[in-house]
Amino acid sequence: MPSTPEPSLRFIIVGGVAAGASAAAPARRLDERATITVIERGPDVSFANCGLPYFLGGEIKQRDALAIQTPQTLKTLLNLDVRTNTEVVAIDRAAKRVEVRNLAYGTNEWMPYDLLLLAPGAVPIRPRLPGIDDPRILTLRSLQDMDRIKVAAAAAQRVAIIGAGFIGLEMAEQLTRLGKSVTLVEQLDQVLPPLDRLMTRLIEDELHRHKVELILSDGLTGFETTGAEIRCRLASGREIVTDSVVLSIGVRPDTALAKAAGLSLGARGHIRVNEFMQTSDPAIYAAGDAVEIEDLVSHEAVAVPLGGPANRQGRLAADHIFRPAGSVRAYPGSLGTAIVRVFDVAAGLTGWTEKRLRAAGRAYRTVTVNDNDHASYFPGAKPILLKLLWDPGTGRVLGAQVVGLGGVDKRIDVIATAITGELTIDDLAELELAYAPSFGAAKDIVNLAGFAACNTRDGLVIPVDALPDNPAVQVLDVRPPPLVQAYPIPHAGVINIPLAQLRSRWGELDRARPVVTVCALGKTAYFAARILAQNGFHVYSLTGGIRAHFDPRSPAKLPTT
Ligand SMILES: Cc1cc2nc3c(=O)[nH]c(=O)nc-3n(C[C@H](O)[C@H](O)[C@H](O)COP(=O)(O)OP(=O)(O)OC[C@H]3O[C@@H](n4cnc5c(N)ncnc54)[C@H](O)[C@@H]3O)c2cc1C
């Protein structure tokens, strides 16, 4: 006698891109019998939104490469019921059903679910400013947004990009590639706001090198959109006259549906979830840009609107639903590991930055080290700069930022792994990483950062991150004179004694006054600091050298301890 088939589970997914698609596919692999329905408001599913800027700039040639899957292929491959141009407009939690509107026909129907996943993502922020509704002021989230920007850019000679975060920088690069005259406006005093400011200087230089006009510390106040030109008004009173505008000032979670359904939301409107991505209603899961999750370092609730977390969270929700109870590992938390390319420079970060640690009042120590992406004697070595932050109590790594012309991704990923594994600065010093001259160095920059951090912890050196404005402090430049003449430090009273002469000439310095040693990259200054310290000087060293940290706009105070 054939057994009576069990009723199959009805799993509805709202949103069919990163988190939604990442849940649907493993769900099917775990349960052939479930009824899996993906409802997507837009015309496309499972498209690569991270690739949108690169089609605009022509690096990705085929639009189709960004949207490989269609409802038909997903039906064939995974037996998914994918409904595009369809929106979930209400959730009836008591009856476990969603109201679905077919946007093409304007018809509504109710669909029952056993379990629901909300993966609605986020929407670009459009502040209510004068002139904002002009259709030439564009944002980038979907393939259709991309098409609109492509048409606008084709007709434009000048493009203003508002917001110098990840997407703003990618757009600046790609539109410059197209030969557009690009102005990039940022309200803060730095590009890439998540990073510490000094780590962004190389990117600013790279933008200038490629003739991107960069306006910092000036916020947008509105647009004057009469006539063919658009005038972007800035807080300083300055006006940018342009043909087209791309707004990239961040995203907000698309959680009106969740809010109307009475699900618990965080302070900034993100959906609250537990470690298995369940919302305050255990029959409703949520994942992706719409949720707030735990920070891996601080265990506080944070929003991390990035592709990697969205994909892993979607998969975890499916695992929790379809794998045996108790067999699924909880979400470990997010680090916010991210990377961006700006022409030839890449910048990445993972974990906490100095400004975030300082704002949170958390104890930390930091060093910045310079090196090359592979052995400097091997052709093609490219400079790389790494800033490391750690907990002075435990030695645990809290965060890192890496910027450079090569090998940034590898170092950021190594340190992201180190933070996840709760490794310490001593572990970084000891990490055995792959080495051959064309790939790395016998002491990789990650090891160097570990050495420098341990030296700091052990009191061998006291790093400072800028030159003091105190005339009582002697600033000692230990570079060879030709370098000093070619690249003088714009700081009063700098004494030059090259490292090679320091043992015979330190008597020229006043032992009663503190000394800050300076060199190009930080290493020679450390060697000099060790010579002076062992000769009775109270000595500090400029971490990361002039190349990394010299910033006359923010002179540092010497630490008092
Ligand atoms: C231009 C660009 C570049 C990016 N580059 C990177 C990168 O390099 N690295 C990185 O880590 N991240 C990047 N991101 C971020 C990354 O794309 C997002 O973090 C990720 O897509 C979030 O996934 P999600 O599923 O939460 O949201 P989305 O991928 O946005 O998908 C949400 C979908 O839900 C649909 N939806 C919303 N509400 C409803 C409803 N009520 N009914 C039906 N459908 C609904 C929306 O139409 C949308 O298609 C980039 C984003 C953009 C826009």
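Structure notes:
- The calculated pair-distance distribution of the range 104-262 uses every alpha carbon pair, bins of 10 angstrom beginning at 0, and gives 10, 35, 31, 14, 8, 2 percent.
- Scaled radius of gyration (Cα, divided by 2.2 N^0.38 Å) that the chain gives: 1.11
- Spatial separation of Cα centroids for the range 260-317 and the range 11-65, in angstrom: 19
- Three-way shape label, the range 192-319, alpha-carbon gyration tensor, a/c 1.5: prolate
- Values of log10 I(q)/I(0) for the range 308-381 across q = 0.21, 0.22 Å⁻¹ run -1.03, -1.06, by the Debye formula with one identical scatterer at each alpha carbon and no solvent.
- Degrees, to the nearest 10: 143-155 long Cα axis against longest axis of the chain: 60
- Rounded FRET efficiency, nearest 0.05, which uses the C-beta distance separating LEU30 from ALA235 and R0 of 60 Å: 0.70
- Expressed as a whole percent, the proportion of Cα-Cα pairs in the range 114-194 lying more than 20 Å apart is 40%.
- Along each principal axis, taking the top coordinate minus the bottom one, the Cα set of the range 372-420 gives 41, 17, 14 Å in descending order.
- Mean-position separation - Cα centroids, the range 68-119 and the range 389-440, in angstrom: 43
- Extending 7 Å from Cα along the Cβ direction at THR221 and again at ALA486 yields two label points whose distance is 4.6 nm.
- Extension reserve of the ARG505-GLU300 stretch, reckoned as 0.36 nm per residue once the Cα distance is removed: 68.5 nm
- Per residue accessible area of the range 273-325, 1.4 Å probe, in Å²: 38
- When the helices of the chain are scored as -39500 (n - 2.57) per DSSP H run of n ≥ 4 and the total is divided over every residue, the value at 222 nm lands at -7500 deg cm²/dmol.
- Theoretical FRET efficiency, 1/(1+(r/R0)^6), r = Cβ-Cβ of ASP114 and ALA360, R0 35 Å, to 0.05: 0.30
- DSSP beta bridges in the chain [antiparallel fraction, %, rounded to 5]: 55
- Cβ-Cβ FRET estimate between GLU432 and THR394, R0 fixed at 25 Å, reported to 0.05: 0.65
- Taking the longest Cα principal axis of the chain as reference, the axis of helix 18-30 is set at about 60 degrees.
- Cα-Cα pairs of the range 9-134 separated by more than 23 Å (percent): 40
- The mean sequence distance of close C-alpha pairs (under 8 Å, at least 6 residues apart), as a share of the length of the chain, puts its relative contact order at 10 percent.
- For the range 135-268, the solvent-accessible area works out to 42 Å² per residue, with a probe of 1.4 Å and every protein chain left in place.
- Heavy-atom surface of the range 47-119, accessible at 1.4 Å and reported per residue (Å²): 52
- Of all accessible heavy-atom area on the chain, the percent that carbon and sulfur account for (1.4 Å): 54
- Angle between the chain longest axis and helix 523-533 axis [Cα atoms, degrees, rounded to 10]: 50
- For the range 236-290, the calculated P(r) over all alpha carbon pairs, in 5 Å bins from 0 to the bin holding the longest distance, is 4, 16, 23, 16, 8, 6, 8, 8, 6, 5, 1 percent.
The values are calculated or read from the model by the stated rules, or taken from the named source; none is laboratory data. Being a predicted model, the structure only gives us computed values, none of them experimental. FYI the Cβ positions are ideal-geometry reconstructions off the backbone, even for glycines, and counts take in every protein chain you see. Note: areas computed on protein heavy atoms with side chains; ligands, DNA, RNA excluded. Shrake-Rupley method; radii C 1.70, N 1.55, O 1.52, S 1.80 Å.
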